[in-house]
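Asker: There's a structure below that I have some questions on.
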Amino acid sequence: MASGLQAEKCILFVCDIQDKFQHRIENFSSVLHVASVMIRGANALSIPVVVTEQYPERFGATARELSALLKPTCKAIPKTTFSMVVPEVAEVLASHPTRRTVLLTGIEAQVCVFQTALDLIGRGYEVHVLADGVSSSRAFDCSVGLWKDRNGLI
């Protein structure tokens, strides 16, 4: 029987929600809102938050609205791969061995979010992609990413 989510077993992943993408991503404001709500909730429930930035030298930093909500100990991790699961993120995961459920929000649904979910599942994590907290540059691409999730392809 499913027992539902338990805060003490969760970790929040925020994938590449950067200001530079605001005019390129469908429904960016919605993704930003969901990520904001999730970060506030994570802070209130002492859920660790992992934030990545895709190639920040080119695409800039995490959206200001989100950065303002992060605890001082939560630093965005730069990456140049599709997956968030880079060595620095793997270290964060290793430092929280009892947290095996990942709540995943970010962009782009069919690439970085999808690859992150695949990598986490491959490591034995339970992954919950937040459907209203992900998007892509085209609505169709987002729907493909969510279809993969819904049909058990991740």
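Asker: How far, in nm, would the chain grow between Phe59 and His96 when pulled straight, counting 0.36 nm per residue and subtracting the alpha carbon separation?
Answerer: Full-extension gain reported as 10.4 nm.
Asker: Divide by every residue of the chain the summed helix terms, -39500 (n - 2.57) for each DSSP H run of at least 4, and state the resulting mean residue ellipticity at 222 nm, rounded to the nearest 500 deg cm²/dmol.
Answerer: About -10000 deg cm²/dmol.
Asker: What is the gain in length, in nm to one decimal, between Thr73 and Glu126 on full extension, counting 0.36 nm per residue of separation less the C-alpha to C-alpha distance?
Answerer: 16.6 nm
Asker: A further question on this structure: Mind jotting down the three principal axis lengths of the range 17-76 based on Cα atoms? Whole angstrom, largest first.
Answerer: 32, 24, 14
Asker: May I have the convex hull volume per residue, in Å³, for the Cα set of the chain?
Answerer: 105
Asker: Here is a further query. Distance from a point 7 Å along Cα→Cβ of Glu88 to each backbone N in the range 19-59: keep the residues under 17 Å and list them by number.
Answerer: Backbone N within reach: 19, 49-59.
Asker: Using a 1.4 angstrom probe on heavy atoms only, work out the carbon and sulfur share of the accessible area of the chain in %.
Answerer: 56
Asker: Go ahead and set up a Gaussian network model of the chain, Cα springs under 10 Å, then flag whichever of Pro72, Pro56, Pro48 fluctuates most.
Answerer: Pro72
Asker: What's the FRET efficiency of Arg138 with Thr80 using the Cβ-Cβ distance as r and R₀ = 22 Å, to the nearest 0.05?
Answerer: Once the sixth-power term is evaluated, E becomes 0.45.
Asker: Also: How many nm separate the modelled label positions at Asn27 and Ala44, each set 7 Å beyond the Cα in the direction of the Cβ?
Answerer: 2.3
Asker: Another question, then. Convert each backbone phi in the range 37-46 into a coupling constant with the Karplus relation 6.51 cos²θ - 1.76 cosθ + 1.60 (shift: θ = phi - 60°), then list the ³J(HN,Hα) values in order as whole Hz, x for Gly and Pro.
Answerer: 4, 5, 5, 4, x, 4, 4, 5, 9, 6
Asker: Taking the Cα centre of the range 79-137 as origin, sum charge times position over the Cβ atoms of Lys and Arg (+1) and Asp and Glu (-1), and report the length of that vector in debye to the nearest 20.
Answerer: So the dipole magnitude of the range 79-137 works out to roughly 140 debye.
Asker: Please list 3J(HN,Hα) in residue order for the range 53-64, calculated via the Karplus relation 6.51 cos²θ - 1.76 cosθ + 1.60 where θ = phi - 60°; whole Hz, with x for glycine and proline.
Answerer: 3J(HN,Hα) across the range 53-64, in whole Hz: 10, 6, 6, x, 4, 9, 9, x, 8, 4, 3, 4.
The values are calculated or read from the model by the stated rules, or taken from the named source; none is laboratory data. Given the structure is predicted, the values throughout are model-derived calculations rather than measurements. Glycine gets a Cβ as well: all are built from the backbone with ideal geometry, and neighbour counts include every protein chain shown. In case anyone asks, the SASA skips ligands and DNA or RNA and just uses the protein heavy atoms, side chains included. Shrake-Rupley method; radii C 1.70, N 1.55, O 1.52, S 1.80 Å.
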